[in-house]
1. Of these, A:GLU4, A:GLU16, which one is touching a helix residue (DSSP H, G or I) at 6+ places or on another chain (Cβ under 9 Å), of a type in the set (Asp, Glu), closer than 30 Å to B:LEU239 by Cα and at the interface with chain B (Cβ under 10 Å from one of its Cβ atoms)?
2. If B:ASP32 satisfies all but one of (1) farther than 23 Å from B:ILE182 by Cα; (2) surrounded by 22 or more Cβ atoms within 10 Å (Cβ to Cβ); (3) of a type outside the set (Ser, Thr, Tyr), what's the number of the condition it fails?
3. Go through B:ILE308, B:ILE255, B:ILE284, B:ILE222 for me and flag whichever is part of a strand (DSSP E or B) and more than 14 Å from chain A (Cβ to nearest Cβ).
4. So which residues in segment B:1-33 are within 17 Å of B:PHE353 (Cβ to Cβ) and either small (Gly, Ala, Ser) or in contact with a helix residue (DSSP H, G or I) (Cβ under 7 Å, 6 or more places away or on another chain) (or both)?
5. How do the strands (runs of 3 or more DSSP E) wholly within segment B:133-199 filter down when requiring 1 or more residues that are within 20 Å of B:SER61 (Cα to Cα) and out of contact with any helix residue (DSSP H, G or I) (no Cβ under 9 Å at 6 or more places or on another chain): which remain?
Amino acid sequence: MREEIKIRLLLNIFEEVTRKYEELLRVYEEMNEFLEYKASHDSLTNLYNRDELERILKAETMKAKYSKNVLALIFLDLDNFKAINDTYGHRYGDEILKKVGEILKESVRKGDVVARYGGDEFVILLHAKKEDEPVNVAERIKLRMEEVLKLYNISVSYGIAIYGRDGTTPEELLSTADKKMYENKLEKKKLKGQAVF
Amino acid sequence: MKVVVYSSDNPVLRLALEEIKRKLEESKVLTDFDFMIIALNYRYPYENLDKNLRKIFGINSEDYFAFHATESFANVNATEGISVAFIKFENKGKVKVFTGEGITDYKNNKLMDKLLEYLEENRNNLNIFISGWHDVELGYFIEDLGKELEKRGFYPNLVGGVSSGKVFDGELRTFQFYNKKIIKDGFGIITFENVDFAIGISLGFKPISPVYRATKVKGYQIYEVDHGKNFKEIVSKFLKGMEPRVEYLWYCPIILLDDKEGYVSVQRTYKSINEDSVEFFAPIPQDCKFMLSFGSPETLLESTQKEIEKMKQNIGTADVVFNFSCIARQYILEDRRGEENLLYTYHFDAPLFGFSTYGEIGPDKFRKKVKLYNETSLGIAIKERE
C-alpha cells in the first residue's frame, strides 16, 4: 500500500514539476525573444538597427540573384536636423526621430524592411515589380514626411540603389544609395545657396 | 562514563518503572548511577512520576530529567512506553540541569536573557535542549535565540529535540519534568561537563524541482508562491487520486534555500493543508526560495550512515549515542525505522537513547547559530574525558 502511495505521490509531483519547468521554459523563451528584439532594434524608434539591416541586406542580396522582383534600397536623410538638436535640444530631436520612425513603418508594405541606419539616416529595403516603383514609394514617403515635419522646417533627401543596376553586394547598394542621397541634398542646398551638413 | 538504556511498554507507570529497574539489576553493568534521562509516553499519568521514581530507584528529585515522547528509543528498540538512560560517571564528568518556563510569552519576560546567560556560562559544555511543543512560539523563540547567539558571537554546543506528544485528557502533553517541577510551557537543558562529543545532522531528502519563491507567507504558513499562485492548490495536486492525508506529504518536505548561509538551509515538514494555505512545523521566511524534495528509507539511511562516518572521524569511540529523530522521518523509514538506531549502535558499539521529535534543534552549518530543523536525525556521540 505504501509503495502505491509513494508512486502516486511521485507521479503527481512529477506532473507539477513538469508544469513548473514548462512555465520556466516559457519565461526563458520570452526573455530570449526580448533580448533578441533589443539586440536587433533601435531603442528610440523601434525600427531595425544598423547591424540587423546589414544582416537582412546580406540575405536579401543572396536571394535577389534568383528573384524576378526588383530589390531596391532607399537611403533617406533629414535635412537641417542638426539645427533642431542644436536649437531645441536632443530630447526634442528624439521626439522627431520617433515620429519619422512611425511614418516610415506606416508607409511601407508588410515584408519591406525599415531601419535606422544611424543619427537621422534611415534605410528602406523593398521588393518591387518594376524599377520605377521605388522612386514612387520614396517620393510618397518624402512628401508625407515633409508635410508632417514642415513645422520644424525639415525636408527629406533620398537616394535609391537597385540590385543589379547599381551593384550586387550590400556595400555597393548602401554606398550607391548614400551617394545619390548626398547628391540630391547638395543639389537642393545649391539651389538655396546654403552649406551642406 | 558508563551508560545503559532500558525500556518498557507496560501501560502501568509503576509496573513499567519496576520492569526497567529489574532489567538494570539483572544486567549488573551498573550497581549505582548518577543521573537518569527518561522519555515518557503521553498516555502515562505524570502526577506521581517523581514519587514513583524516588520510591522505585531511591533517587532524589534532581537526579533525573524526564520528558514526553510518543515513541522513544532504547538501543535498537523503539517503544511507545518508557525509555530510561542510566548514567554513571567514571572520571570528572558531571551533569546539571537548567529549566526555563514561559516560552509563549518570551517576548515579555526575561526567559531569553536567563537562557543566554546560562548558555554563555556553559559555552564549552554540551547542552542538550529538550523543549515542549509550543505551537507557533517555539519556532520564533529558536530563531531569536539563533540571532542573539550570532550577535553575541558564541555557539554554546546546543543540540536537542522537541518533546512529542498528543492531546490527552484535554492537554497537549509535551512536558518536561525536573526536580518536582512539571514544565508545561518551557524547556530543560541537560548540561554535560568534561565530555567530548560529535554531532551529526542527517537529512537524506533529494531536491527534485525547480525553485519556487514564497511570495505570501504568514508565520508557519505559505499562501502564495511565485506571485499569485495558490500553494494550497499546488500541494492538493500532489494528493490527487489518494486519500488526502498530510502524512503522505512527509515524503516530500520542502527545502528552504538560503542565499546567505549556503545552498540548503533547512527542511520544512507539512503540518496541515488549510482552507487557503499550507502550514508547516516551523517558520517560513517571507520571500524565501524553496524546492520540493523526496526521500525514501534508502536515501535517509544512506545520509545517516555518512553522518555517522563523519562523527566517528571526529570522536572515534563513544560511551553513549543520542538520536533525536523526527516523527515524520520515522513514517518515511516505514518498516526500516529500527535500522537508523542500528547504524548508530553498530558503528559506535555504544548504547543508544533517543526519541521521535516534533523538531530538532542544532547548529547551522557554520556552527554560529542554532536552528530548528524538521525531518532530520540529529545524532550526538558522547565520551567522558579521561
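1. Values: A:GLU4 fails: touching a helix residue (DSSP H, G or I) at 6+ places or on another chain (Cβ under 9 Å).
Criteria check complete, one pass: A:GLU16.
2. (2)
3. Numbers: B:ILE308 fails: part of a strand (DSSP E or B); B:ILE255 fails: more than 14 Å from chain A (Cβ to nearest Cβ); B:ILE284 fails: part of a strand (DSSP E or B).
Criteria check complete, one pass: B:ILE222.
4. Once the filter is applied, which keeps residues that are within 17 Å of B:PHE353 (Cβ to Cβ) and either small (Gly, Ala, Ser) or in contact with a helix residue (DSSP H, G or I) (Cβ under 7 Å, 6 or more places away or on another chain) (or both), segment B:1-33 yields B:VAL4, B:TYR6, B:SER7, B:SER8, B:ALA16, B:LEU17, B:LYS21, B:SER27, B:LEU30.
5. Working: elements: B:158-162, B:176-178, B:181-183, B:186-193.
The qualifying strands (runs of 3 or more DSSP E) are B:176-178, B:181-183, B:186-193.
One line per residue, one yes/no per condition, for (1) buried (at least 19 other Cβ atoms within 10 Å of the Cβ); (2) charged (D, E, K, R):
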{"site": "B:ILE59", "(1), (2)": "no, no"}
{"site": "B:THR70", "(1), (2)": "yes, no"}
{"site": "B:PHE73", "(1), (2)": "yes, no"}
{"site": "B:ALA78", "(1), (2)": "yes, no"}
{"site": "B:PHE86", "(1), (2)": "yes, no"}
{"site": "B:LYS94", "(1), (2)": "no, yes"}
{"site": "B:GLY100", "(1), (2)": "yes, no"}
{"site": "B:TYR118", "(1), (2)": "no, no"}
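Conditions tested, residue by residue: (1) at pLDDT 95 or above; (2) assigned by TED's automatic domain parsing to the domain that holds A:ASP132; (3) surrounded by 13 or more Cβ atoms within 10 Å (Cβ to Cβ); (4) in a helix (DSSP H, G or I).
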site	(1), (2), (3), (4)
A:LEU10	no, no, yes, yes
A:GLU16	no, no, yes, yes
A:GLU23	no, no, yes, yes
A:SER67	no, yes, no, no
A:ASN85	no, yes, yes, yes
A:ARG91	no, yes, no, yes
A:VAL100	no, yes, yes, yes
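Conditions tested, residue by residue: (1) surrounded by fewer than 16 Cβ atoms within 10 Å (Cβ to Cβ); (2) out of contact with any strand residue (DSSP E or B) (no Cβ under 8 Å at 6 or more places or on another chain); (3) of a type in the set (Lys, Arg).
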{"position": "B:SER131", "(1), (2), (3)": "no, no, no"}
{"position": "B:TYR140", "(1), (2), (3)": "no, yes, no"}
{"position": "B:ASP144", "(1), (2), (3)": "yes, yes, no"}
{"position": "B:GLY153", "(1), (2), (3)": "yes, yes, no"}
{"position": "B:LEU158", "(1), (2), (3)": "no, no, no"}
{"position": "B:GLY165", "(1), (2), (3)": "no, no, no"}
{"position": "B:PHE177", "(1), (2), (3)": "no, no, no"}
{"position": "B:PHE187", "(1), (2), (3)": "no, no, no"}
{"position": "B:ILE190", "(1), (2), (3)": "no, no, no"}
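The values are calculated or read from the model by the stated rules, or taken from the named source; none is laboratory data. This one's a predicted model, so the numbers in the text were calculated from it and none came from an experiment. Positions of Cβ are generated from backbone atoms using ideal geometry, with glycine treated the same way; all protein chains shown enter the neighbour counts.
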